[in-house]
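Trainee: I'd like to ask some things about the structure below.
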Amino acid sequence: MNADLILCSPQVVTCAPGDAPRPGSQMGQLGIVAQGAVAIEKGVIVGVGSQTEITAKWSGKRIYHKGALTPGLVDPHSHPLFGGSRVHEFQMRARGATYQEIHAAGGGIWSTVQATRQASDEQLRELTAERLRRMLHHGTTTAEVKSGYGLSVAEELRHLKIYQELKSMLPMELVLTFMGAHSLPQEFAGRQSDYVKLVVEEMVPAVAAQGFAEYGDVFCEVGAFTVEESRQVLQACKQAGLGLRIHAEEFNHLGGARMAAGLGAASVDHLQFLPPEDFPILRQGGSIPVMTAGTSFFLGMSQFAPARGLIEANLPLALGSDFNAGSCLSESMQMAMSLGVLKLGLSPEEALLAATVNSAHSLGRGRQVGSLEVGKRADVLALNLSDVREWPYHYGVNVVEAVYCKGARIG
Ligand code: NIG
Ligand code: FE
């Protein structure tokens, strides 16, 4: 039979089986095929196995890569659409100011909201496209992208529409999340409940009517939204047919993660201050914990999410970049994996599973991407490393040599 392309490598890291999230000890198995090959036809994987098996069955153009082949990385948490720069806050933090102090003083998210509101569609499209291309060149072939720097009905819709346009411009897949409850806009100062009402009664229905966003998210935190307000927002999202995600327990344990798990959230994210008694509740809700070690690192926090405890409680962990304007300015899921090993105590195998199979499932994309298996989208990376276990070990640089999206090599 003829295939469009056959990729060959001394080490094909399939991450199979990927049809279900991989919890606990199942995160350690990468399904490596030595002297392996991946056959691709019309952007879809049609064969995976040893080079002998695959070339006996499939003919077609062969490309031999010297390094390992892996599935494209799946980033389940990012905020790449924003204007302006917070480099001055970065410097303030380096000298000892905390992220929350800056937020409380009117900087932080609000400063980015102002800059983003002022930017034209074209400026935002270009800035965001550049960031998404950087993600892609670092191996992210599927990315969840959040709104949340608009904080008005018109601005949130404008930002989601720009993401929607970028979806057709870029080869990677984007999964859109509405996050109107990211922070209280200054025009609602002292009227938090009015803003929550606006989100629930106007923003969510308007977003749902456009059909742009697949998920709804909320920042449940001191200085952002309470558990009760977050519940109202997520309930409205659920009613409107959106899947649910939450930013929870990032700086304090408020109970947002367990509340969201009770509503059936697809993911509960950040979790630096998640206590062990909440672990079984996440498991019962089927919510995938998304760890964003880059945020703790970039904010200079000593607290990291309890990854090992969650794995011992048999949960499937995912890793996200949390790329955003203020708390983590890195597009690289490779960096997220290195920090997953160094700061969360993951093994290199667990870090890769968390950045592929489990993150894909947290986005409802587990049947399409996340592993190299027949029927999945041909999103494949070729590394500059012969052994994939060295990936997080080689940190802070790009070791992706080639990115294939739907079987096409990205320049
Ligand atoms: O995921 N926690 C809230 N939102 C972002 C930070 C956004 C910002 O500081 O601009 C986060 O860390
Ligand atoms: Fe975030």
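Trainee: At what distance in angstrom do the alpha carbon centres of the stretch 229-246 and the stretch 258-335 lie from each other?
Mentor: 19 Å
Trainee: Percent antiparallel among DSSP beta bridges with both residues in the chain, to the nearest 5? Show your work: numbers first, answer last.
Mentor: Working: 25 of 56 bridges.
Looking only at bridges with both residues in the chain, the antiparallel portion is about 45 percent.
Trainee: With each label point set 7 Å from Cα along the Cα-Cβ vector, what nm distance links residue 387 and residue 134?
Mentor: With each label point 7 Å from Cα toward Cβ, the separation is 3.2 nm.
Trainee: If packing is taken as the mean number of other Cβ atoms within 10 Å per residue, what is the order of 188-194, 236-242, highest first?
Mentor: On the way: 188-194: 11.3, 236-242: 18.4.
Sorting 188-194, 236-242 by mean packing, highest first, produces 236-242, 188-194.
Trainee: Let me ask another. Using 0.36 nm per residue of separation minus the Cα-Cα distance, give me the extension gain between residue 87 and residue 165 in nm, one decimal. Numbers along the way, then the final one.
Mentor: Values: separation 78, 0.36 × 78 = 28.08 nm, distance 2.82 nm.
Taking residue 87 through residue 165 to full extension adds about 25.3 nm, to one decimal.
Trainee: Can you tell me, using C-alpha contacts under 8 Å and at least 6 residues apart, the relative contact order of the stretch 74-362 as a whole percent? Could you put the intermediate results ahead of the total?
Mentor: Working: 598 pairs, mean separation 52.1, N = 289.
About 18 percent, as a whole number.
Trainee: Still on this structure, I have one more. Work out the length of the dipole vector of the chain about its Cα centre, built from +1 on the beta-carbon of each Lys and Arg and -1 on the beta-carbon of each Asp and Glu, and round it to the nearest 20 debye.
Mentor: 820 debye
Trainee: Which Cα, out of 204, 77, 26, lies furthest along the positive dipole direction of the chain (beta carbon charges, K/R +1, D/E -1)?
Mentor: 26
Trainee: Please sort 202-214, 280-292 by packing, taking for each peptide the average over its residues of neighbouring beta carbons within 10 angstrom, highest first.
Mentor: Details: 202-214: 18.8, 280-292: 22.5.
Taking the mean over residues of other Cβ atoms within 10 Å, the ranking is 280-292, 202-214.
Trainee: Taking the solvent-accessible surface of protein heavy atoms with a 1.4 Å probe, what is the per residue accessible area of the chain in Å²?
Mentor: Values: 15030 Å² over 411 residues.
I get 37 Å² per residue for this part.
Trainee: Of 61/167; 61/406; 66/167; 238/406; 146/238, which sit over 21 Å apart, Cα to Cα?
Mentor: Numbers: 61/167 29 Å; 61/406 16 Å; 66/167 32 Å; 238/406 31 Å; 146/238 17 Å.
Over 21 Å apart, Cα to Cα: 61/167; 66/167; 238/406.
Trainee: In addition: Can you tell which of 351, 380, 163 lies farthest toward the positive end of the dipole of the chain, using +1 and -1 charges on the Cβ of basic and acidic side chains (Lys, Arg; Asp, Glu)?
Mentor: Result: 380.
Trainee: While we're on this one: Could you check the simple spin-label distance between residue 121 and residue 202, using points 7 Å along Cα→Cβ, in nm with one decimal?
Mentor: According to this spin-label approximation, the distance is 2.1 nm.
Trainee: While we're on this one: Stretched out fully, how many nm does the piece from residue 20 to residue 97 gain, at 0.36 nm a residue minus the Cα gap? Working shown, then result.
Mentor: Values: separation 77, 0.36 × 77 = 27.72 nm, distance 4.25 nm.
Additional length available on full extension: 23.5 nm.
Trainee: Okay, next question. Can you tell me the order of 348-357, 8-17, 64-73 when each peptide is scored by its average per-residue count of other Cβ atoms within 10 angstrom, highest first? Spell out each step's value before the answer.
Mentor: On the way: 348-357: 28.1, 8-17: 21.7, 64-73: 23.6.
Most protected by this proxy first, the peptides run 348-357, 64-73, 8-17.
The values are calculated or read from the model by the stated rules, or taken from the named source; none is laboratory data. Worth saying up front: this structure is predicted, and the values here are computed from it rather than measured. Here Cβ is always computed from backbone atoms with ideal geometry, including for glycine, and neighbour counts include all displayed protein chains. Areas reflect the complete protein model, heavy atoms only, side chains present, ligands, DNA and RNA absent. Shrake-Rupley method; radii C 1.70, N 1.55, O 1.52, S 1.80 Å.
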